[in-house]
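Below is one structure, written out as structure tokens; the observations come after it.
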Amino acid sequence: MNILFLHTGLQSFVRRDLEILRGAHSVRSVCNHRRALRNLAWNLKDLAWADLVFCWFASAHFLPAALLARSLGRKLVVVAGGFDVAALPEIGYGAMQPGLRREVGRRLLQLADRVLCVSASNQDEAIRNAGVEPARCELIPHGFPAYWEPPTPKRPLAVSIGQVCRANLERKGHRHLVRLARAFPGVRFKLIGRWRDGAYQLLRRLAPANLELSGYLPDPELRYLLQRARVVVQPSRHEAFGCSVAEAMLYRCVPVVSDSFALPEVVGEAGFVADCAQPGSLERAFAAAMDAPQQLGERARQRILKLYSLRRRAHSLLEVLSRV
């Protein structure tokens, strides 16, 4: 099958899907970012060649290509990845808030033969917020590569991963992280993620001495930290899945997460879930995680290997495309 793979950037989870599809089909990868009509001019030759168009995210940038693909009789698959089907007006997050972006996103999703969702929570948002019919939804969770990771002695270190920007002060719960670090001065905290806009300066003023804003870390440095961190903290208001939590769990970090959207689904019984709106809930969950036996970190790793393996996602993804 000839597949035109449209994306707005090759994040690690997008790149993994691209590699899965390339292992079984002939694939052309094109980044459609901004200027949708200009992108369409670039896509014309590829659309004529393709049997199927695969869009990672229900992005407005893909709508012209999707309309032309359907007029040519091509099949269309869209991955609903998070922001594209979310609607949280209280924090100004999500493409499904009222407005033109919502109408464009809904139109793209209506055109799709299949809408692939990365979690049950994400699937619920696609149906509830974007109006996707349940019969066209397929639940295919993210997958992570299995590798051998020797147990490493853990230290009183907690990590949180997420881009440092003003939007994430609320969405990723960075303000909660500052509060948590103040409550546990004997624990080192590291917030890992690129710095955007002026959020770094704001967080730096608020953060206690035991909270370090590490910025972006290359993979070897990130792996070194995760091998030694006892806990991963993700007090987010919204996560369609929580890839950084799952990746930390593979390194036997005990997860402490909010009770929002997909996070409890991913963590299950292998970590601690807090209601961040309730005073003391996050602090109690974190204290329990720091005191938890090493076996809980191993349980977290085994949960990801069992439920969210890359092999499992590859099998499901290729099976759905063969049916489409």
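Between Y224 and W42, the FRET efficiency from the beta-carbon distance, with R0 = 35 Å, is close to 0.30. Return, ordered by residue number, the residues of region 237-252 whose backbone nitrogen is under 14 Å from a label point located 7 Å along Cα→Cβ of L307. Residues 241-243, 245-247, 249-250 qualify, since their backbone N sits under 14 Å from the label point. Rounded to the nearest 0.05, what FRET efficiency is calculated for I91 and W148 with R0 set to 51 Å and r the Cβ-Cβ distance? Approximately 0.80, to the nearest 0.05.
When Rg and Dmax are taken over the Cα atoms of the chain, they come to 20.3, 62 Å. Here is how the number arises for the chain: DSSP H runs of 4 or more residues each give -39500 (n - 2.57), the sum is divided by the residue count, and the result at 222 nm is -13000 deg cm²/dmol. Please report the net charge: other residues with Cβ closer than 11 Å to the Cβ of R188, K and R +1, D and E -1. Net charge around R188: +3. For region 155-307, the Kirkwood hydrodynamic radius from C-alpha pairs, put into Stokes-Einstein at 37 °C and a viscosity of 0.692 mPa s, yields a diffusion coefficient of 218 µm² per second. Cβ crowding within 10 Å, taken as a proxy for footprinting-reagent exposure, orders Y147, Y216 from fewest neighbours to most as Y147, Y216. Sorted fewest first by neighbouring Cβ atoms within 10 angstrom, C55, C31 come out as C31, C55.
Going from the residue with the fewest nearby Cβ atoms within 10 Å to the one with the most, S281, S26, S244 rank S26, S281, S244.
All of the numbers you see were taken from the coordinates with simple rules; none came from a lab. Here the structure is a predicted model, which means the values were calculated and not measured. Counting neighbours? That spans all protein chains shown, and the Cβs are built from the backbone with ideal geometry, glycine included.
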